[in-house]
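Please read the structure below before turning to the comments.
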Amino acid sequence: MKTEMLSPQKDKNALNTAASLLKAGKVVGMPTETVYGLAANALDGDAVAKIFRAKGRPQDNPLIVHIADFEQIHSLCPAVPPAAKDLAGAFWPGPLTIIVPKADCIPNEVSAGLSTVGVRLPSHPLARALIRAAGVPLAAPSANTSGRPSTTTAAHVLRDMDGKIAAILDGGPCGVGVESTVVSLAGEKPRLLRPGGVTLEQIETVLGEIEVDRALYEKIGDDTRVSAPGMKYRHYAPKAPVTAVRGDPARTARYIREHAAPGDGVLCFDEFAPLFTGLTEISFGRSDDLATQAREVFDSLRAFDDTEVTAIWAQCPDDAGLGLAVANRIKKAAGFRVVEVSADSFG
Ligand code: AMP
Ligand code: MG
C-alpha cells in the first residue's frame with residue numbers, strides 16, 4: 001500500500017481526502033496536540049483491527065476514542081458520571097482521556113473486551129475538523145510501531161508506518177509532545193492510569209485527591225492484571241538500552257559524566273550539554289522547562305536511533321507537575337532501570 005502524505009498547506013482537499021479514507025474503513029495518521037494518532041472509524045471493528053496490524057499492537061490493549069464535541073460522549077457512554085462532566089468542563093478540549101462505562105455500539109476491537117471506553121476531546125483544530133468531516137468518533141492510539149517512542153511529527157509517522165496505512169494528515173509538530181493524561185472513572189474512586197499533558201495537581205483541583213496507579217512507578221509483569229493494559233508493555237524505547245538518572249540535576253549530570261563510557265549517548269538538560277563533549281549528547285530543554293522537555297522527549301529518544309550509540313544515559317526530572325509525565329516516559333523507555341543519585345553517590 002502506498003502511504004499518501006496529505007498536507008493542508010499545499011492541498012486544499014487534504015482534509016476531505018483524509019475523511020473519505022476514514023469513511024471507507026481505512027487508517028489515517030492524525031495530528032493532535034499531544035502526539036500523532038493512527039485513526040480509524042471507532043464504530044467499525046474491521047477498520048479498527050487494521051490499526052492493531054499496522055502498529056503490531058497487542059490485542060488486549062484498548063484504544064482511546066476521539067470526539068469533536070462534548071455531546072458526542074453520550075453516544076459512547078450510556079451514563080456519563082458527574083465527575084466526567086467536571087473534568088471535561090475543566091480540561092476539554094485538551095490532553096485528558098476519561099475512562100467511562102461503554103455503550104454497546106463500541107466494538108470489542110476498541111475496548112479489548114473491557115466494559116469501559118477511554119474518551120478524549122482533543123484541542124488540535126485539524127483533529128477536530130477531521131472527526132467532524134469523517135462524521136464518526138475516531139479510535140486512535142499513538143502512531144508509532146508498538147514499543148517505539150511515540151510520534152510527534154508527520155515524518156516520524158511516515159518512518160514507522162510507510163506502506164502500512166492509507167495516509168498521513170500533516171499538521172506540523174505536536175505542541176504538548178507527551179500523550180494524554182488517562183483518568184479512570186470506572187472504579188469506585190477516580191484513578192490516574194497514565195500521567196500526561198494535564199498534570200495530577202490540575203486533576204486534583206477538580207476531583208480532590210485521587211488514586212495513582214502503581215504502574216506509573218514500577219515495572220509490571222506480563223502476567224499481571226492492570227487497569228490500563230498498555231501499562232505492562234515495554235514502551236517508548238530507542239534501539240540502545242536506556243538508564244534513567246534521577247536526582248538534583250547538577251548531581252545527575254556529574255554522575256553520568258563519571259559513569260558514561262566512550263560511545264555512549266546522553267539525553268541531557270540544555271545547561272549541562274557542554275559537560276558531555278566527546279559523547280553523543282542530545283539536549284531536550286532546560287532542567288526547569290518541563291513544557292520543552294515534554295515536547296522534545298520522544299523526538300530526542302528517536303534521534304538516538306540515527307546514531308551509533310550502544311547505551312543511553314538520561315537525565316530525568318522529578319515528579320512535580322508535567323515532570324510526572326516526562327519522567328514516566330523516560331523510565332518506561334529505560335524499562336524502569338533507574339539510578340537515584342544523592343550526595344552519597346560520589347566517593
Ligand atoms: P495510546 O493509544 O498509545 O496513547 O495508549 C492508550 C492508553 O490508554 C493505553 O495505556 C491503554 O491501555 C489505555 N486505555 C485505553 N482505553 C482504556 C480503557 N478502556 N481502560 C483502561 N485503559 C485504557
Ligand atoms: Mg502509545
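The values are calculated or read from the model by the stated rules, or taken from the named source; none is laboratory data. In this text the structure is predicted, and so the values were computed from the model without any measurement. Using ideal geometry, Cβ is built from the backbone for each residue, glycine included, and neighbour counts are taken over all protein chains shown. Heavy atoms of the whole protein, side chains included, go into the accessibility calculation; ligands, DNA and RNA do not. Shrake-Rupley method; radii C 1.70, N 1.55, O 1.52, S 1.80 Å.
Would you confirm whether any residue within the range 117-132 is assigned to a loop (DSSP other than H, G, I, E, B) and either within 16 Å of ligand 2 (Cβ to nearest atom) or without any contact (Cβ under 8 Å) to a residue 60 or more places away in the chain (or both)?
Yes, the range 117-132 contains a residue that is assigned to a loop (DSSP other than H, G, I, E, B) and either within 16 Å of ligand 2 (Cβ to nearest atom) or without any contact (Cβ under 8 Å) to a residue 60 or more places away in the chain (or both).
For a quick check of your reading of the model, give me the residue pairs whose first member lies in the range 141-166 and is of a type in the set (Asp, Glu), whose second is more than 15 Å from ligand 1 (Cβ to nearest atom) and open to solvent by less than 30 Å² (accessible area, probe 1.4 Å), with beta-carbon atoms closer than 7 Å and at least 6 apart or on different chains.
That search, which allows pairs on different chains as well, returns Asp162/Thr3.
Can you tell me how many residues in the range 172-209 are within 11 Å of ligand 1 (Cβ to nearest atom) and either outside any loop (DSSP other than H, G, I, E, B) or open to solvent by 20 Å² or more (accessible area, probe 1.4 Å) (or both)?
Count: 10.
When you scan the range 57-69, how many residues do you find that are away from ligand 2 (no atom under 11 Å from the Cβ), part of a loop (DSSP other than H, G, I, E, B) and modelled with pLDDT of 95 or more?
Total meeting the criteria: 4.
Restricting the search to the range 72-105, which residues are farther than 15 Å from Ala186 by Cα and in contact with a Cys (Cβ under 9 Å, 6 or more places away or on another chain)?
Of everything in the range 72-105, just one residue is farther than 15 Å from Ala186 by Cα and in contact with a Cys (Cβ under 9 Å, 6 or more places away or on another chain), namely Ser75.
Pairs please, first residue from the range 217-243 and within 9 Å of ligand 1 (Cβ to nearest atom) and assigned to a helix (DSSP H, G or I), second anywhere and open to solvent by 20 Å² or more (accessible area, probe 1.4 Å) and at pLDDT 85 or above, Cβ atoms under 6 Å, 6+ apart in sequence or on different chains.
Pro229/Asp60
Within the range 320-334, restricting attention to residues that are open to solvent by less than 30 Å² (accessible area, probe 1.4 Å) and part of a loop (DSSP other than H, G, I, E, B), which residue is nearest to Thr252 (Cα to Cα)? Give the derivation first.
Looking only at the range 320-334, we keep the residues that are open to solvent by less than 30 Å² (accessible area, probe 1.4 Å), and these are 321, 323-334.
Right, trim to part of a loop (DSSP other than H, G, I, E, B) and you get 321, 334.
Values: Gly321: 20, Ala334: 16 Å.
Among residues in the range 320-334 that are open to solvent by less than 30 Å² (accessible area, probe 1.4 Å) and part of a loop (DSSP other than H, G, I, E, B), the one nearest to Thr252 (Cα to Cα) is Ala334.
Considering each of Val136, Val157 in turn, give the residue that is more than 13 Å from ligand 2 (Cβ to nearest atom) and at pLDDT 95 or above.
Result: Val136 is the single residue among Val136, Val157 that is more than 13 Å from ligand 2 (Cβ to nearest atom) and at pLDDT 95 or above.
Filter the range 12-31 down to the residues that are of a type in the set (A, V, I, L, M, F, W, C) and not in a helix (DSSP H, G or I), then identify the one that is farthest from the chain's Cα centre (by Cα).
Ala24
All but one of (1) open to solvent by less than 30 Å² (accessible area, probe 1.4 Å); (2) within 28 Å of Gly172 (Cα to Cα) hold for Ala291; state the number of the condition that does not hold.
Here Ala291 clears every test but (1).
Mind counting the residues in the range 28-75 that are under 20 Å from Leu169 (Cα atoms) and among the polar types (S, T, N, Q)?
Final tally of qualifying residues: 3.
Specify which of the listed residues (Ser123, Ser75) is more than 18 Å from Val27 (Cα to Cα), open to solvent by 30 Å² or more (accessible area, probe 1.4 Å), more than 10 Å from ligand 1 (Cβ to nearest atom) and in contact with a Gly (Cβ under 7 Å, 6 or more places away or on another chain).
So the residue among Ser123, Ser75 that is more than 18 Å from Val27 (Cα to Cα), open to solvent by 30 Å² or more (accessible area, probe 1.4 Å), more than 10 Å from ligand 1 (Cβ to nearest atom) and in contact with a Gly (Cβ under 7 Å, 6 or more places away or on another chain) is Ser123.
Among the candidates Ala88, Ala68, Ala103, single out the residue that is open to solvent by less than 30 Å² (accessible area, probe 1.4 Å), touching a residue at least 24 places away in the same chain (Cβ under 8 Å) and more than 23 Å from the chain's Cα centre (by Cα).
Ala103
For every residue, the table says whether it meets (1) open to solvent by 10 Å² or more (accessible area, probe 1.4 Å); (2) within 16 Å of ligand 2 (Cβ to nearest atom).
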site	(1), (2)
Ser7	yes, no
Ala19	no, no
Leu22	no, no
Lys26	yes, no
Tyr36	no, yes
Ala40	no, yes
Val48	no, yes
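Given the residues Glu281, Glu218, which is the only one that is within 30 Å of Phe346 (Cα to Cα) and either open to solvent by less than 30 Å² (accessible area, probe 1.4 Å) or at pLDDT 95 or above (or both)?
Glu281
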